[in-house]
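Everything on this sheet refers to the single structure shown next.
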Amino acid sequence: PIHHLCSVTAQGRGISLHRSSTTGKPKCWKNGFYSSALALSEFSCSFLFRLKNPVKMSGMHLSKEFFELLKAIGEARSKQEEDRIIVKEVATLKKKLETPVSKKPVQNALATNRKKAKEFLVRLLYVEMLGHDGSFGYIKAVELAASSSIIHKRTGYLVCSACLAPEHEFRFMLVNQMQRDLQSTNVLETCGSLSAVTKIITSDMVPAISGEVTKLLEHSSETVRKRAIVALHRFHQIAPEVVSKEEMVEKVRRSLCDRDPSVMGSTLNVIQALCMADSLPFKDLVPSLVSILKQVCEHRLPSDFDYHRVPAPWIQMKIVRILSILGAGDANSSNGMYEILADCMKRADVGINAGYAIIYECVRCITRIYPNPVLLDQAAEGISRFLSSRSQNLRYLGVTGLAAIVEGHPKYAAQHQLAVIECLEDTDETLQRKTLDLLYRMTNPVNVEFITDRLLTFLKDTTDPYLRQDLTLKICNIAERYAPSNAWYVKTATNLFGIAGEVVRPDVAQN
């Protein structure tokens, strides 16, 4: 529930998040007003707080004060009004979280019980996310991380990982507690600590923690094992002198053969990251990865991993991405992938988005590994179905995939030229820009006149200054490179000056 409250994004609601150029604080724009909390509070107020009474959501009780806070933030009509609300909230939280004056020891030194302290720390997260200082409550988060209650412990870890700067001294106060939690027999405590170490641990702390995490790779719980391999990779990233590359390669090889598919799936993420840095130590894993992918495609994994009848789509995509890295420029490694990639594309074509995603990843892989004519034909056929789709998302994938194919194999451009032109007439601006880039790549001496004419027509209708400048540069380049005659070049340059003369390079006129 804590993550549900605090890890809210605005991507699904069409809200654009960015940071102020003057204050550096996060904010978004909607309805003519800037509000740094709008993306967060709009979701909270519309979904979690529809009632005027305290709400219970996913086992978490929300007080009336918390509800009123989020409601006020969501209804703020200016950044100044929002700041006034948060300043008032900061004063309230300081009073609530202050240490009581008492001769008797009070557990966790909180003025209220832990249930209230948990909510106060969540409210502190809102204060921090809206760009205000919540450092007065950091010590309480550290104290709550030592709680015996799982939800309170995870709340403390969450606030510490989200708010404490890498050099903050409070991070060192958590090392002993994380060590105890990693050694705990309670799986939930162990998992909570493994999640925390990836965000809280710095390079100086890795030697104190890495040994305990390494032991957890042999834990009886698959949930612990898959988190442990991810945590160990994080240690390798921030302290390679402690967790060496050789040790990391050895651990991921063993985890890849884990008896539980979920651990294997987590290990694939680590292998991909390591391959991007150096693929040589994993070249001999190609037969193993092909074998795993074959088993997944043939539905040999438990049905729990299926997504809308597609067997483990994320595992399939991850393996295909790794194969694309291992097979790049390597004919021997690529030769062992051809059959499974063709089979994977064929089985994924079931008419749903998860299948389309697998096909797209296969197309990208086929364009990166050592080329195979049969596979390239199959990839081009798959892309043609995307381009002819009514879905803008699929057409975007089609344009992106075709761009990858055309980059190394231009002959496939001609057969899809008309479909790409149709994408240019779509109302979606993102699709239009991607299509313009593809048309630029597709241009050759045969189609230069046709494509240049369409680009000029599009340039005439657009008002976006960045797009006009980029498109003008592209037209100049293809006209100079592929001009069939001097007369055509002069005519094209004249039209270009008439449409967008203010952004044309001066040297074009001299040519």
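The values are calculated or read from the model by the stated rules, or taken from the named source; none is laboratory data. Since this is a predicted model, take the numbers as computed values, not measurements. Cβ atoms come from the backbone with ideal geometry, glycine included; neighbour counts cover every protein chain shown. Remember, those area values only see protein heavy atoms, side chains included, never the ligands or the DNA or RNA. Shrake-Rupley method; radii C 1.70, N 1.55, O 1.52, S 1.80 Å.
Three semi-axes describe the equivalent ellipsoid of segment 273-429; taken as square roots of 5 times the Cα gyration tensor eigenvalues and ordered largest first, they are 26, 20, 13 Å. Modelled spin-label separation between LYS283 and HIS409, with each label point placed 7 Å from Cα along the Cα-to-Cβ direction: 2.4 nm.
Using the Karplus relation 6.51 cos²θ - 1.76 cosθ + 1.60 with θ = phi - 60°, the per-residue 3J(HN,Hα) values for segment 151-168 come to 5, 5, 4, 5, 5, x, 4, 4, 5, 5, 5, 7, 10, 6, 5, x, 8, 5 Hz, with x marking Gly and Pro.
Over segment 401-488, what portion of Cα pair distances is larger than 17 Å, expressed as a whole percent? Here the long-distance tail beyond 17 Å is 45 percent of all Cα pairs in segment 401-488. For ASP306, the residues whose amide H sits under 5 Å from its own are ALA312, ignoring neighbours fewer than 5 places away on the same chain, with H placed 1.01 Å from N.
Placing +1 on the Cβ of each Lys and Arg and -1 on the Cβ of each Asp and Glu in segment 410-511, which of THR427, VAL503, TYR440 has its Cα farthest towards the positive end of the resulting dipole? Positive-most Cα among the choices belongs to TYR440.
Give me the number: length gained by fully extending ASP343 to LYS116, i.e. 0.36 nm times residue separation minus the C-alpha to C-alpha distance, one decimal in nm. Each step should come with its number before you reach the end.
On the way: separation 227, 0.36 × 227 = 81.72 nm, distance 5.57 nm.
Here the answer is 76.2 nm.
For segment 130-244, relative contact order (Cα pairs under 8 Å, six or more residues apart, normalised by length) works out to 19 percent.
Would you kindly state how much longer the chain becomes between ASN444 and ASN353 on full extension, computed as 0.36 nm times their sequence separation minus their alpha carbon distance, in nm to one decimal?
Details: separation 91, 0.36 × 91 = 32.76 nm, distance 3.36 nm.
That pair, ASN444 and ASN353, stretches by 29.4 nm at full extension.
Evaluate E = 1/(1 + (r/R0)^6) for GLU298 and GLU246, where r is the Cβ-Cβ distance and R0 equals 35 Å; express this FRET efficiency to the nearest 0.05. All intermediate terms of the calculation are to be shown ahead of the outcome.
Details: r = 34 Å, r/R0 = 0.98.
Computed FRET efficiency for GLU298 and GLU246 comes out at 0.55.
Let me make sure I get this right: for segment 193-349, a, b and c are the square roots of the gyration tensor eigenvalues over alpha carbons, sorted descending. Under 1.5 in a/c it's rounded, otherwise prolate if a/b > b/c, else oblate. Which is it? Note, shape of segment 193-349 comes out oblate.
Please give me, ordered by residue number, the trypsin sites (Lys or Arg not before Pro) of segment 235-292 that lie in loop per DSSP and have at most 12 other Cβ atoms within 10 Å. Mind dumping the intermediate values first?
Values: sites: LYS245, LYS251, ARG253, ARG254, ARG259, LYS283; in loops: ARG259.
Taking segment 235-292 and a limit of 12 other Cβ atoms within 10 Å, the loop trypsin sites (Lys or Arg not before Pro) found are ARG259.
Report the calculated FRET efficiency for LYS95 and ASP464 (r = Cβ-Cβ distance, R0 = 56 Å), to the nearest 0.05. It comes to 0.65.
Compute the accessible area per residue over segment 395-493, keeping the other protein chains in place, probe 1.4 Å, unit Å². It amounts to 50 Å² per residue over segment 395-493. Couplings 3J(HN,Hα) for segment 321-326, derived from phi with the Karplus relation 6.51 cos²θ - 1.76 cosθ + 1.60 (θ = phi - 60°), are 5, 5, 4, 5, 6, 6 Hz, where x marks Gly and Pro. Projecting label points 7 angstrom from Cα along Cα→Cβ for PHE172 and ASP426 puts them 5.5 nm apart.
If you stretched the chain out fully between ASP83 and SER149, how much longer would it get, using 0.36 nm times the residue separation minus the C-alpha to C-alpha distance? Mind showing how you got there, number by number?
Working: separation 66, 0.36 × 66 = 23.76 nm, distance 3.37 nm.
Contour length minus the Cα-Cα distance gives 20.4 nm.
Across segment 288-301, rounded Karplus estimates of 3J(HN,Hα) from the backbone phi angles (6.51 cos²θ - 1.76 cosθ + 1.60, θ = phi - 60°) give 5, 5, 5, 5, 5, 4, 5, 5, 5, 4, 8, 6, 8, 7 Hz, Gly and Pro being marked x.
Counting only aspartates and glutamates at least 8 places from LYS251 when in the same chain, those with an alpha carbon closer than 20 Å to its own are GLU212, GLU218, GLU222, GLU241, ASP260, ASP278, ASP284. The portion of the accessible surface of segment 404-468 made up by carbon and sulfur, rounded to a whole percent, is 50 (1.4 Å probe; DNA, RNA and ligands excluded). When ARG309, ARG441, ARG505 are compared by accessible surface with a 1.4 Å probe, the order from highest to lowest is ARG309, ARG441, ARG505.
Counting Lys and Arg as +1 and Asp and Glu as -1 over every other residue whose Cβ lies under 13 Å from the Cβ of LEU456, the net charge comes to +2.
When the C-alpha to C-alpha distance is required to be over 20 Å, the pairs from LYS94/LYS199; LYS318/LYS411; LYS95/LYS199; LYS294/LYS346; LYS71/LYS115; LYS95/LYS115 that qualify are LYS94/LYS199; LYS318/LYS411; LYS95/LYS199; LYS71/LYS115. With a 1.4 Å probe and every protein chain kept in, tell me what percent of the accessible surface of segment 197-352 is carbon plus sulfur. Roughly 48 percent of what the probe reaches on segment 197-352 is carbon or sulfur.
For segment 313-372, rounded, prolate or oblate, judged on the Cα gyration tensor with a ≥ b ≥ c (square roots of eigenvalues), a/c < 1.5 rounded, else prolate if a/b > b/c? List each step's numbers first, then the result.
Details: a/c = 2.36, a/b = 1.91, b/c = 1.23.
The shape class here is prolate.
With protein chains left intact and a 1.4 Å probe, residues in segment 234-367 average 46 Å² of accessible area per residue. Here LYS460 is the anchor, and the aspartates and glutamates within straight C-alpha reach of less than 14 Å, apart from those fewer than 8 places off in the same chain, are GLU425, ASP470, GLU502.
In a reduced charge model with +1 at each Lys and Arg Cβ and -1 at each Asp and Glu Cβ, segment 107-261 shows a dipole moment near 540 debye about its Cα centre.
Using a Förster distance of 51 angstrom, determine the FRET efficiency expected from the C-beta separation of ASN332 and THR494, and round it to 0.05. The formula returns an efficiency of 0.40 here.
Under the rule a/c < 1.5 gives rounded, and otherwise a/b versus b/c splits prolate from oblate, where does segment 111-261 land using the Cα gyration tensor? Numbers along the way, then the final one.
On the way: a/c = 2.40, a/b = 1.68, b/c = 1.43.
It is prolate, given that a/c is not under 1.5 and a/b is the larger ratio.
Here the label points at VAL503 and LYS71, each 7 Å from Cα along the C-beta direction, are separated by 4.8 nm in the simple model.
Can you tell me the dipole magnitude for segment 427-508 around its Cα centre, using point charges on the Cβ only (Lys, Arg +1; Asp, Glu -1), in Debye to the nearest 20?
Numbers: 10 positive and 11 negative charges, 36 e Å.
That gives a dipole near 180 debye.
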